[in-house]
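Visitor: My structure is below; once you've seen it, I'll send some questions.
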Amino acid sequence: MLDPRDLAPDEFRREAEALGVGPEVVRRVSSAVLARGIFDPEVWSGSLQVPKRLTRAIGELERLRLERSIVSPVDGFRKLSFRTGDDLVVETVIIPLHKPGAASICVSSQVGCAMGCRFCATARMARRRNLRTWEILDQFIQARDVARQAGRRPTGVVFMGMGEPFLNYERVLAAADLLRCSWGASIGAKGITISTVGLVPEIDRFTREGHNYRLAVSLGAATDAKRERLVPLAARTPVAEVMAAARRHALARRDRVTLAYVCIAGENMAEEDARALGELIGDTPVRLDLIEVTDPTGIYRAPDAGELKAFRDALTRHVGQPIVRRYSGGKDILAACGTLAGERM
Ligand code: SF4
């Protein structure tokens, strides 16, 4: 079965051409599905004049079942919970942006996550599998509909939901390509961010392949000892190697690489952590994003305003690079970073 959400644009074109269907029609049907969310084969073969042989080859496209849509009364973040065909829960977050009418969609790339970061609810989920490319795309397509109904247009996509995107490398990149392409979702490459907890071979592959999407590398802590405690699997690779890969990426792209740092009170926010971070970063061009931990189990505590200010001041002393506090919203509905756990509904 051909699915324009599951094949790279060129592959879909080749498959359609094998059926004698030209590129213009391919663009029409891809755009109907990806850009406009039209899934009805009657519409394709009617007003869009897609030949029956292609509609038959595509068949009835499977969808994720939207089971719950819940909005935070605090900050307007919205969490969508989907059910897959094999009865797993996938969560997606619509992030309202400051720009009026704009939103970013945070998509999941896996169900559960094998990386086992201690402060992350996704790591505590039992079932694990990679999502298919179409399952990633379908989160976006349905979230876009919901956002539009609320008067917002998605202008960005972040791969920061459930899972480590680079453990599902090919499908994540295929999804990003479909989100970007002009007859797809038309999200600009710079509006697509792929996050990783620091998988060096994949960071290097991403750099080598020359993708224009933004890369965000999440460190957990600046020393190997602390990373072993907080991000044990990722810590199997020394943090200096992760940083070296981030540096190669920044230099190859001639752009700052985003370093995400989860702030956990009493764990990784002392003066010595700021100093270690400064030494680790050196003159690599980065933007340091500070994200306060959200841990519903209460094991890890978010910093209060004073602790955060003290850490920022220390970072200003030790890291001569832009530092941004990234708001992780939707805490009250378990939509914040690290809280997506596909709880049974
Ligand atoms: S923080 Fe990211 S990489 Fe770590 S367990 Fe959670 S989803 Fe996986």
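Visitor: Taking the condition crowded, with 24+ Cβ neighbours inside 10 Å and more than 16 Å from the ligand (Cβ to nearest atom), does LEU131 pass?
Guide: Values: crowded, with 24+ Cβ neighbours inside 10 Å: yes; more than 16 Å from the ligand (Cβ to nearest atom): no.
No; evaluated as a whole, the condition is false for this residue.
Visitor: So, GLY112, is that one open to solvent by 10 Å² or more (accessible area, probe 1.4 Å) and in the same structural domain as ASP204 (by TED's automatic domain parsing) or not?
Guide: Against the criterion (open to solvent by 10 Å² or more (accessible area, probe 1.4 Å) and in the same structural domain as ASP204 (by TED's automatic domain parsing)), GLY112 does not qualify.
Visitor: So which residues in the stretch 284-312 are part of a loop (DSSP other than H, G, I, E, B) and surrounded by fewer than 17 Cβ atoms within 10 Å (Cβ to Cβ)?
Guide: Within the stretch 284-312, PRO285, PRO296, THR297, GLY298, ILE299, ARG301, ASP304 qualify.
Visitor: Considering only the stretch 215-229, state which residues are open to solvent by less than 30 Å² (accessible area, probe 1.4 Å) and either modelled with pLDDT under 95 or within 16 Å of the ligand (Cβ to nearest atom) (or both).
Guide: Taking the stretch 215-229 first, the residues open to solvent by less than 30 Å² (accessible area, probe 1.4 Å) are 215-222, 227.
Correct list: LEU215, ALA216, VAL217, SER218, LEU219, GLY220, ALA221, ARG227.
Visitor: Tally up the residues in the stretch 234-251 that are within 16 Å of the ligand (Cβ to nearest atom) and either of a type in the set (Phe, Trp, Tyr) or open to solvent by 70 Å² or more (accessible area, probe 1.4 Å) (or both), please.
Guide: Qualifying residue count, the stretch 234-251: 1.
Visitor: Can you find a residue in the stretch 201-214 that is at pLDDT below 95 and in contact with a strand residue (DSSP E or B) (Cβ under 8 Å, 6 or more places away or on another chain)?
Guide: no
Visitor: Here's something else I'd like to know. Going by the structure shown, is SER108 assigned to a loop (DSSP other than H, G, I, E, B), closer than 22 Å to VAL293 by Cβ, at pLDDT 95 or above and not acidic (Asp, Glu)?
Guide: Spelling it out, SER108 is indeed assigned to a loop (DSSP other than H, G, I, E, B), closer than 22 Å to VAL293 by Cβ, at pLDDT 95 or above and not acidic (Asp, Glu).
Visitor: Shifting gears a bit: For the stretch 269-278, give me the residue count where each residue is in contact (Cβ under 8 Å) with a residue 24 or more places away in the chain and open to solvent by 80 Å² or more (accessible area, probe 1.4 Å).
Guide: 1
Visitor: What residue, among those in the stretch 302-345 that are closer than 25 Å to ALA103 by Cβ and acidic (Asp, Glu), is nearest to the ligand (Cβ to nearest atom)?
Guide: Residue satisfying both the conditions and the ranking: GLU343.
Visitor: Only one of these is in contact (Cβ under 8 Å) with a residue 12 or more places away in the chain, outside any loop (DSSP other than H, G, I, E, B) and assigned by TED's automatic domain parsing to the domain that holds GLY76: GLY184, GLY156, GLY151. Name it.
Guide: GLY156
Visitor: Name the residues in the stretch 86-116 that are away from the ligand (no atom under 16 Å from the Cβ) and either within 19 Å of ASN168 (Cα to Cα) or in contact (Cβ under 8 Å) with a residue 40 or more places away in the chain (or both), would you?
Guide: ASP86, ILE94, ILE95, PRO96, LEU97, LYS99, GLY101, ALA102, ALA103, SER104, ILE105
Visitor: I've got another one for you. Within the stretch 143-159, which residues are over 16 Å from the mean Cα position of the chain (by Cα) and either open to solvent by 30 Å² or more (accessible area, probe 1.4 Å) or within 16 Å of the ligand (Cβ to nearest atom) (or both)?
Guide: Passing the criteria: ASP145, ARG148, GLN149, ALA150, GLY151, ARG152, ARG153.
Visitor: May I pose another question? Need the failing condition index for GLY266 against (1) buried (at least 18 other Cβ atoms within 10 Å of the Cβ); (2) at pLDDT 95 or above; (3) part of a loop (DSSP other than H, G, I, E, B), just the number.
Guide: (1)
The values are calculated or read from the model by the stated rules, or taken from the named source; none is laboratory data. What you see is a predicted model; the values in this text were computed from it and never measured. For neighbour counting, all protein chains shown are included, and Cβ atoms are generated from backbone atoms with ideal geometry for every residue, glycine included. Calculation scope for accessible area: heavy atoms of the full protein, side chains included, ligands and nucleic acids excluded. Shrake-Rupley method; radii C 1.70, N 1.55, O 1.52, S 1.80 Å.
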